[in-house]
Amino acid sequence: MFLDELFTRGGPVLYLLFLLTFLIFLVLINKYFFLVFDKKFWLDTNLNNFILNNPASNTSLKTVETTYIAELKRVSNSNIKILDGLIGMCPLVGLLGTVYGMIEVFEVLSFLGTGNPRAMSSGVAKATIPTMASMVISLFGLYFRQDLTYRISKYIDEANLIFKSKGYTH
């Protein structure tokens, strides 16, 4: 019941924010699923193939970094730019909600004048609720995006250490 009331008071912009939140959630789930489950399989399969095809005696660490590590970065960082864009859109959509709510406030002012604060409160709620929601979504999105970036860089450093331990040198 609480969400229904929130969507009613926050206006139609909250539906767009809900859609953005859902998309952010899907991208985050996809990336965490890769880092938790698919990473080991991808690393084992491709690492063994790369080492068999490019032995340490014939291949420098620079070649490893420009081929295998570059592919690892590409696969790991896929959809991160989409996540950045979705997170960046949230405050802008919240600002759209602010404008929408303020238009409603000015509409009430034009009909009833300044003497009826109760009539203006609906527009003020439509102006502030989407802004607040967008900021909360952005903060959580930025936190998890930073966590993903840290985990991916740690993952790439681990791969570099594996190659160094296998005898690849500059």
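Run the accessible area of the chain with a 1.4 Å probe and give the carbon-and-sulfur part as a rounded percent. Could you put the intermediate results ahead of the total?
Values: 7160 of 10580 Å².
Using a 1.4 Å probe with all protein chains present, the chain comes out at 68 percent carbon and sulfur.
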- Item | When each of Lys81/Lys126; Lys62/Lys154; Lys40/Lys166; Lys31/Lys62 is checked by Cα-Cα distance, pairs over 21 Å | Lys81/Lys126; Lys31/Lys62
- Quick one: grab Rg to one decimal and Dmax as a whole number for region 88-170, Cα atoms only, in Å. 24.4, 80
- Item | Gaussian network model of the chain, springs between alpha carbon atoms under 10 Å - residue of Ser134, Ser122, Ser76 with greatest fluctuation | Ser122
- How large is the Kirkwood hydrodynamic radius of region 1-84, in angstrom, based on all distinct alpha carbon pairs? 16.1 Å
- Item | Cα centroid separation, region 22-53 to region 72-106 (Å) | 26 Å
- Query: Per the Cauchy relation, a quarter of the hull surface: what is the mean projected area of the convex hull of the alpha carbons in the chain, in nm²?
  - Reply: 12.2 nm²
- Task: For region 28-33, take each phi angle, set θ = phi - 60°, evaluate the Karplus expression 6.51 cos²θ - 1.76 cosθ + 1.60, and give the result in whole Hz per residue in order, putting x for glycine and proline.
- Result: 4, 4, 4, 5, 5, 4
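Taking the solvent-accessible surface of protein heavy atoms with a 1.4 Å probe, what is the per residue accessible area of the chain in Å²? Don't jump to the answer; show the numbers that get you there.
Values: 10580 Å² over 170 residues.
For the chain, the solvent-accessible area averages 62 Å² per residue.
The values are calculated or read from the model by the stated rules, or taken from the named source; none is laboratory data. This one's a predicted model, so the numbers in the text were calculated from it and none came from an experiment. Remember, those area values only see protein heavy atoms, side chains included, never the ligands or the DNA or RNA. Shrake-Rupley method; radii C 1.70, N 1.55, O 1.52, S 1.80 Å.
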